[in-house]
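Below is one structure, written out as C-alpha cells; comments come after it.
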Amino acid sequence: TRALAGRRISRQAPERSLLLRKALMQVPHGGGRALLPGSEEHDVLLGWLMQGAPGPDTSEAKLTGLTLLPEGRVFTSGERQRFVALADFSDGRREDVTDRVLFRADDAAVATIGPEGLMTAMGPGVT
C-alpha cells in the first residue's frame with residue numbers, strides 16, 4: 001500500500017530510504033547485509049530511488065523464465081562447478097544474467113557458492 005511504501009522509500013531523501021538502509025545493514029533486520037556501499041547493485045538501487053522509484057515500463061519485454069545450468073547434476077565432495085544463469089524474455093531473447101544473480105546455498109555443510117556462481121560440494125545432502 002502507499003502508506004507502507006512511504007515508510008520504505010523516501011523520495012525527498014532517497015539515500016535515507018529504509019529499503020536502501022536495511023540492505024546496507026544501517027538498520028538491523030533479519031535478512032543481513034545485501035548490498036555494499038558503492039557496489040554496482042547499490043548504485044542501481046540508489047539511482048532507481050533517485051528517479052522517484054518508478055514502476056515497470058510496460059513496453060519492455062517481461063521475464064518469462066530463468067534457467068540455471070548445468071541442470072540436474074549430482075556432485076561428490078570436493079567437486080567444483082561454475083553455474084550460469086540464463087533469462088528468457090517475452091520478446092524471444094535469452095540473456096546470460098549470471099552477473100546479476102544472487103547465489104546462495106541453503107546448507108554450507110552440503111555446498112558453498114561464491115557470488116560468481118562457483119560452487120564447491122562439501123558433503124552429502126540437498127541444497
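The values are calculated or read from the model by the stated rules, or taken from the named source; none is laboratory data. Remember, it's a predicted structure, so these values are computed and weren't measured experimentally. All Cβ positions, even for glycine, are placed from backbone atoms using ideal geometry, and neighbour counts span all protein chains on display. Surface accessibility is based on the protein's heavy atoms, side chains included, excluding ligands, DNA and RNA. Shrake-Rupley method; radii C 1.70, N 1.55, O 1.52, S 1.80 Å.
A crude spin-label estimate for the pair Glu71 and Arg33, with each label 7 Å from Cα along the Cβ direction, gives 3.6 nm.
Once the piece of chain linking Leu86 and Met50 is laid out straight, how much longer is it, given 0.36 nm per residue of separation minus the C-alpha distance between them? Don't skip to the answer; put the middle values down first.
Details: separation 36, 0.36 × 36 = 12.96 nm, distance 2.92 nm.
Working it through step by step, the gained length comes to 10.0 nm.
For Val97 and Ala109, the difference between the fully extended length at 0.36 nm per residue and the C-alpha to C-alpha distance is 1.6 nm. In a reduced charge model with +1 at each Lys and Arg Cβ and -1 at each Asp and Glu Cβ, region 8-127 shows a dipole moment near 460 debye about its Cα centre.
With all protein chains in place and a 1.4 Å probe, the accessible surface of the chain carries 55 percent carbon and sulfur.
Could you give the length gained on full extension between Gln12 and Thr127, defined as 0.36 nm per residue of separation minus the Cα-Cα distance, in nm?
37.2 nm
Sequence-distant contacts, meaning Cα pairs under 8 Å at least 6 residues apart, place the relative contact order of the chain at 16 percent. Per residue, the convex hull spanned by the Cα atoms of region 15-127 measures out at 130 cubic angstrom. Solvent-accessible area per residue in region 22-103 equals 71 Å², computed with a 1.4 angstrom probe and all protein chains kept.
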